[in-house]
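S.K.: Below you'll find the structure I mean.
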């Protein structure tokens, strides 16, 4: 009798343990899948309450702004204190022109996206020229590429070593030689002549009978020119 009672109690105890275990497992599953989602939803709700949507929209709008400025035409050297700068812009309203970090001109771009503007005054020698484009609506600014422009208004040097002016010769072919500035172009009777790194040049000229006019022209990168004309008379030997 006692043995049956003990068996019955053991069986009930085992069933209770199994039932409690199942309930605990079900509770853990519920907390894992439902509880975490509730926590996430609550966090998102609180974040939405504290967010500033207007500021975020302004930042997104600002971050999505795209503008561009290109300079298409600008001289590398000039013999004038003023130059013309041309190019195009995208999504900018105002252009500010700078020479050697000094604001020299300002142009509105409300009517066109291309520009051609005369600016000055350049200093003698090298000048740094650039543009700052400004968007009024977004307050965005963009610098253009910076360019070096040389301003030079003096004539290049031109010295003729040979032949002497008003000279006579019995040679039908003579040599013309001289010296000029570096980075300068030379033409003798409209034919280009090579100038070396020191500015020396020479060319051969075939003379006709009698008086010959020989014109030497030199031009620098700024467009300044200098010229000389020699007279050489060719007489055959008797």
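Values quoted throughout were computed directly from the atomic coordinates according to the rules given, and no laboratory measurement underlies them. None of these values were measured; they are calculated from a predicted model. Every residue, glycine among them, receives a Cβ derived from its backbone with ideal geometry; neighbour counts consider all protein chains shown.
S.K.: What is the gain in length, in nm to one decimal, between residue 21 and residue 236 on full extension, counting 0.36 nm per residue of separation less the C-alpha to C-alpha distance?
M.R.: In short, 64.3 nm is gained.
S.K.: Under a crude label model (7 Å from the Cα following the beta-carbon direction), how far is residue 208 from residue 142 in nanometres?
M.R.: Taking the two extended label points, one gets 6.0 nm.
S.K.: Please say if region 84-123 is rounded, prolate or oblate, where rounded means a/c under 1.5 for a ≥ b ≥ c the square roots of the C-alpha gyration tensor eigenvalues, and otherwise the choice is prolate for a/b larger than b/c and oblate otherwise?
M.R.: Cα axes put region 84-123 in the prolate bin.
S.K.: Let me ask something additional. Given a Förster distance of 45 angstrom, what is the FRET efficiency for residue 215 paired with residue 107, based on the Cβ-Cβ distance and rounded to 0.05? Could the numbers behind the result be given before it?
M.R.: Working: r = 44 Å, r/R0 = 0.97.
Calculated transfer efficiency: 0.55.
S.K.: Using the beta-carbon distance between residue 162 and residue 73 and R0 = 35 Å, what value does 1/(1 + (r/R0)^6) give for FRET efficiency, to the nearest 0.05?
M.R.: About 0.25, to the nearest 0.05.
S.K.: Same structure, new question: What ranking do 159-172, 115-128 get when scored by the average of other Cβ atoms within 10 Å per residue, highest first?
M.R.: Going from most to least packed, we get 115-128, 159-172.
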